[in-house]
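J.: Before we start, here is the structure in question, set down as structure tokens.
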Amino acid sequence: MKQLTHNKIQNRQKKFPITLVCDKIRTPENIGMCFRIAESFGVEKIYLHENSAPLENKKIQRTARNTINQVAADRYSDFNQLVKQLKSEGNIIVGLEITDTSKPIKNFNFTSHRKIVLILGSERNGISDVNLLDQSIEIPMYGQNSSMNVIHSLAIALYEITNQLNNLSST
């Protein structure tokens, strides 16, 4: 067995109909990792709040590497207006949030939706208005802690979503 170097790895590049909305995520490292994870899973676009750190921020640049140039991004000022716009464009709005109606992520059928918007809540307050969501999903956890870092959650969610969508296109 031999470990491969980055230049010897050839990923099958693919885009999925997934848009991320970062609801007031402000930590530069989280923003940078959001781009890195999003690019790894073929996400089409990321929306960041206007008060989020600029993409020129050194911490974002260092964490994201070159992925901020590989994933489309835009800014928004009004969360409710953006979500309503995305919904009117035919997207299902899915929040990665623990609510009284959340479904475990593996029990949600992403393949029955043409375009998916995944909402990520802020590090402190979660999603601004869960009533705008079509569905909320949660990642089952087995320890005492009731939450995890937003970017760790994103990685797990995108793994499940893209596996479902990829299996659909493989059949």
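J.: In the structure displayed, which of K84/K115; K58/K84; K45/K87 lie more than 24 Å apart, Cα to Cα?
T.: Among K84/K115; K58/K84; K45/K87, the Cα-Cα distance tops 24 Å for K58/K84.
J.: Sticking with this one: Evaluate the charge dipole of the range 7-72 about its Cα centre and quote only its size in Debye, nearest 20, assuming +1 on the Cβ of each Lys and Arg and -1 on the Cβ of each Asp and Glu.
T.: Charge dipole of the range 7-72: 320 debye, to the nearest 20.
J.: Let me ask you something else. Convex hull volume of the Cα atoms in the chain, per residue, in Å³?
T.: Output value, Cα hull per residue: 148 Å³.
J.: Return an integer: the convex hull volume of the alpha-carbon atoms of the range 50-123, in Å³ per residue.
T.: 146
J.: DSSP beta bridges in the range 91-171, what fraction antiparallel, as a percent rounded to 5?
T.: 10
J.: Restrict the search to the range 77-144; then list the chymotrypsin sites (Phe, Trp or Tyr not before Pro) that DSSP places in a loop and that have at most 13 other Cβ atoms within 10 Å of their Cβ.
T.: Y142
J.: Also, quick follow-up: Tell me, what HN-Hα J-couplings in whole Hz come from the Karplus equation 6.51 cos²θ - 1.76 cosθ + 1.60 at θ = phi - 60° for each residue of the range 145-157, using x for Gly and Pro?
T.: In residue order, the calculated couplings are 5, 9, 8, 9, 4, 4, 6, 5, 4, 4, 4, 5, 4 Hz.
J.: So, one more: What is the set of long-range amide H partners of I119 at a cut-off below 5 Å, with H atoms built 1.01 Å from backbone N?
T.: Those qualifying (amide H under 5 Å, at least 5 residues apart or on another chain) are V21, V94, G95, L96.
J.: What does DSSP give for the chain in terms of the percent of beta bridges that are antiparallel, rounded to the nearest 5?
T.: 5
J.: Starting from the Cα of K87, step 7 Å along the direction of its Cβ; do the same at R26; then give the gap between the two resulting points in nm.
T.: Distance between the two pseudo-spin positions: 2.7 nm.
Every number in this text was worked out from the coordinates using simple rules, so none of it is lab data. Being a predicted model, the structure only gives us computed values, none of them experimental. FYI the Cβ positions are ideal-geometry reconstructions off the backbone, even for glycines, and counts take in every protein chain you see.
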